[in-house]
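Here the structure is laid out as structure tokens; the discussion comes afterwards.
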Amino acid sequence: MANNNNILEVDNQNPQMQELKAAIKHNRDKSMHVKYMIIYHHLKGAANVDIASMFDLCAHTVGTYINKYKANGLSALVPAPKSGAPKFLTEEQESNLKDVITLNTPDNVGFPNRKNWNAALVIQWVYNNYGIKYSNSGMLKVPHRLGLSFTKPTYTLAKADPRKQEVFKASFEDLKNLLDGKIHHILFQDESMIRDYQAIQKTWFLKGRQRIIPTYGKHHGVKLLGVLNYETGHVYCIEEEKYDAQVFMKFLENVLSLNPTGKIVMILDNARIHRAKLLQPFLDDNSHRLELISLPPYSPKLNLIEGLWGWLKSEVINNVFYKSLNQIRVAVRGFIRMINQDTAYTIKRLCLRM
């Protein structure tokens, strides 16, 4: 870009030149600067061909700018504001489209066997209902204008009752206030099956190559019963060959032995073994020490120990196939032993979610 000060120093009392110099002085747009300089050299008597050579333009473009200037002055060189692409849909139609995308899957609105929206399906729905044809690139702008984004969904249990979940959360706050008073331990309990082929997850490896995980054609698993102490972060787990009421009662006996004093409140789900009639005499005999509180149905996210299972699988199970059942047991025990050495981190990771 040429130096504006050099241009403004030109001694020329021509009103056209004075107007041009003022425009150059206040301009901050590169494209407009080129146009102004074309007019400047034109007023100085330069030929169109020479001006075109100066700015690496064709003579026709230079001539167009000069002709606009001659006809309507400097204002003719300013481009008209862009109006943007026209909106084909009315506001009411756009609102309806937003509801269709967010409240329905495609198979609900005329696209059998299709469960997920994409641009092609939205284009077809708009055409079917309004007779308006969008291009793919044009349609991609519409969802953004409607406040939509292309995101990954998450699962929730359809039978869960949000009202019951909120009631539980409120009662849990009351329960925490009883710690070190009427209650001495709050434990979250659950069972989990840990298999040697749990999942493949992303991990760091050499760029352009893929980690290869050997398998052995046999699948092993360990059945775990565990509790997470909400206050201390300590985890206790046992391994069993099956889940039944007898096994669960043995587990409860172990929990009482590990916590020989104080009242224990154990929060757990509604699994059948937790409600078996076989347990009732044991629970009656130990009611002064142990109270079971059931979570609302279909509410695994409220059971804080669920986070432990995901953590365990991510650390020592995913991306690994173990040769034997004993290897799985060793890995699980090592993980539990490791996290019990830093219970403050376990509290931070698992217990502060609620």
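The values are calculated or read from the model by the stated rules, or taken from the named source; none is laboratory data. Because the structure is a prediction, the values reported are computed rather than measured. Note: ideal-geometry Cβ built from the backbone for every residue, glycine included; neighbour counts use all protein chains shown. The protein model used for the area step is the full one, side chains on, heavy atoms only, and it has no ligands, DNA or RNA in it. Shrake-Rupley method; radii C 1.70, N 1.55, O 1.52, S 1.80 Å.
A few remarks follow.
- Estimated vicinal HN-Hα couplings, Hz - region 115-131 in sequence order (Karplus 6.51, -1.76, 1.60; Gly, Pro = x): 10, 10, 6, 9, 4, 4, 5, 5, 4, 5, 5, 4, 5, 5, 9, 10, x
- Put simply, the amide H of Asp190, placed in the peptide plane, has neighbours under 5 Å in Gly226, leaving out anything fewer than 5 places away on its chain.
- FRET efficiency, Ala46 to Asn96 (Cβ-Cβ, R0 56 Å, nearest 0.05): 0.40
- Over all other residues within a Cβ to Cβ distance under 14 Å of Asn129, the charged ones net out to -1, with Lys and Arg as +1 and Asp and Glu as -1.
- Rg to Rh quotient for region 18-78, alpha carbon positions, Kirkwood Rh: 0.93
- Phi-based couplings in Hz for region 224-232 (Karplus 6.51, -1.76, 1.60; Gly and Pro marked x): 10, 10, x, 9, 10, 7, 4, 7, 9
- Other-chain or far-sequence residues with amide H under 5 Å of Glu231's (modelled H): Ile186
- Rolling a 1.4 Å probe over the protein chains gives Val167 an accessible area of about 100 Å².
- Most positive-pole-ward Cα, Ala52, Leu308, Ser75, against dipole of the chain from beta carbon charges: Ala52
- Cβ-based net charge around Ile339, under 10 Å, with every Lys or Arg adding one and every Asp or Glu removing one: 0
- Cα-Cα over 25 Å, subset of Lys182/Lys277; Lys223/Lys301; Lys164/Lys313; Lys98/Lys164; Lys176/Lys301: Lys182/Lys277; Lys164/Lys313; Lys98/Lys164
- If you sort Met139, Met249 by accessible surface, 1.4 Å probe, largest first, the order is Met249, Met139.
- Zero-based 10 Å bins, Cα pair distances in the chain, whole percents: 4, 15, 15, 12, 13, 11, 8, 9, 7, 4, 1, 0
- Calculated [222 nm] ellipticity per residue, helices only, for the chain: -13000 deg cm²/dmol; basis is -39500 (n - 2.57) per DSSP H run with n ≥ 4, divided by all residues, nearest 500.
- For the chain, the longest site-free run once chymotrypsin sites (Phe, Trp or Tyr not before Pro) in DSSP loop states with at most 12 other Cβ atoms within 10 Å are removed: 1-149
- If R0 is taken as 45 Å, the Cβ-Cβ distance between Tyr130 and Ala80 corresponds to a FRET efficiency of 0.90.
- Phi-based couplings in Hz for region 98-103 (Karplus 6.51, -1.76, 1.60; Gly and Pro marked x): 4, 5, 4, 5, 7, 10
- Lys, Arg +1 and Asp, Glu -1 on Cβ, resulting dipole of the chain about Cα centre, debye, nearest 20: 880 debye
- Taking Lys and Arg as +1 and Asp and Glu as -1, the other residues whose beta-carbon sits under 15 Å from that of Leu74 total +3.
- Given charges at Cβ of Lys, Arg, Asp, Glu: the chain dipole, positive-most of Thr90, Ile101, Met37: Met37
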